[in-house]
Amino acid sequence: MPESKRIVVITGGSTGIGRAICLRFAREGAGIIFVHYDPDELKANETLELLDKMDVKARAKKLDVSSFGAVGEFFQEVLREFQRVDVLVNNAGIIRDAFLMRMSEDQWDQALLVNLKGVFNCTKAVIRSMIKERSGRIINISSVVGQIGNVGQYNYAASKAGIIGFTKSVARELATRGITVNAVAPGFINTEMTERLPDKVKETFLAQIPMGRIGEPDEVAETVYWLASASANYITGQVIHVNGGLYT
Ligand code: NAP
């Protein structure tokens, strides 16, 4: 399949890293289907407008990735319309931070449901068709926090570490089927998610980054694109760090 003709599904494509990933694949002419969640569809519409200007097939769908049933139905719709999914990027993620003493059951559950169960739901819904095609790329967005931990992010860190275990296991299962499964672990990236953090937390992170700057969404998107390209044919079950040296 020429890279320019591929069908790519990206969760959390309305903004930040997900939007940059949509635009990176669209630059090569791929068909883009992205998922978002906010009922205020402003950001999703902005992404869609950018994609329309690039003259590629583009669809947006409001969907909660943590809903097993809704995700299953969504992928059936996608497969009915496009017949296959060549690349799945599990990017949707949320933070629900609190000190452990104050973290509610609901905060714990929400982060795990969206960040980890969402990856399970989408991956499970797509692999039958990829196995049939004997080809596919699955790229899961983890985080440096899943490897080094972070105060106040117990739920987020657990979900992002869970993604790594999930990625390595699915990579083993699908290795003989022409499907690669990898994770990308961004460090501190310039998006709305990090904009919301208190200045003190931002300064602490920045002080720990050997490159002395935060990363840009495009830098993560480039790595995702490379993992989905023919250059990465023999790479599976890996975690690729995009973090300016924050964790090596
Ligand atoms: P962001 O700007 O907050 O974007 C999150 C995206 O996820 C949005 O498109 C959002 O859609 C979508 N989303 C949220 N809940 C969803 C749900 N239940 N179902 C479907 N979509 C949902 O975040 P970001 O900074 O770009 O982060 C993208 C990914 O990279 C996340 O997995 C994050 O954990 C990871 N990451 C980010 C950083 C960083 O420094 N920014 C570092 C490491 C890892 P709506 O806009 O419609 O709500």
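The values are calculated or read from the model by the stated rules, or taken from the named source; none is laboratory data. Here the structure is a predicted model, which is why all the values come from computation and not from measurement. Using ideal geometry, Cβ is built from the backbone for each residue, glycine included, and neighbour counts are taken over all protein chains shown. Surface areas here come from the heavy atoms of the whole protein model, side chains and all, with no ligands, DNA or RNA. Shrake-Rupley method; radii C 1.70, N 1.55, O 1.52, S 1.80 Å.
Can you give me the number of residues within segment 161-179 that are away from the ligand (no atom under 15 Å from the Cβ) and open to solvent by less than 10 Å² (accessible area, probe 1.4 Å)?
Residues meeting the conditions: 3.
Across segment 137-160, which residue is least open to solvent (accessible area, probe 1.4 Å) among those that are more than 12 Å from the ligand (Cβ to nearest atom) and touching a Ser or Thr at 6+ places or on another chain (Cβ under 8 Å)?
Here the residue is 138.
Just for helices (runs of 4 or more DSSP H) wholly inside segment 1-100: which have at least 2 residues that are within 23 Å of residue 113 (Cα to Cα), within 13 Å of the ligand (Cβ to nearest atom) and of a type in the set (Gly, Ala, Ser)?
Here the list reads 16-27.
Taking segment 199-233, which residues are exposed (fewer than 15 other Cβ atoms within 10 Å of the Cβ), within 21 Å of the chain's Cα centre (by Cα) and hydroxyl-bearing (Ser, Thr, Tyr)?
229, 231
Got at least one residue in segment 29-45 being of a type in the set (S, T, N, Q) and open to solvent by less than 40 Å² (accessible area, probe 1.4 Å)?
Taking every residue of segment 29-45 in turn, none turns out to be of a type in the set (S, T, N, Q) and open to solvent by less than 40 Å² (accessible area, probe 1.4 Å).
Return the total of residues in segment 183-229 being at negative phi and in a loop (DSSP other than H, G, I, E, B).
16
Can you go through 95, 10 and tell me which one is surrounded by fewer than 23 Cβ atoms within 10 Å (Cβ to Cβ) and within 18 Å of residue 184 (Cβ to Cβ)?
That would be 95, the only listed residue that is surrounded by fewer than 23 Cβ atoms within 10 Å (Cβ to Cβ) and within 18 Å of residue 184 (Cβ to Cβ).
What pairs come out if I take residues in segment 44-63 that are free of Cβ contacts under 8 Å to residues at least 24 places away in the same chain and pair them with residues that are of a type outside the set (Asp, Glu) whose C-beta lies under 7 Å away, six or more apart or interchain?
Close Cβ pairs satisfying both conditions: 48/58; 48/60; 52/58.
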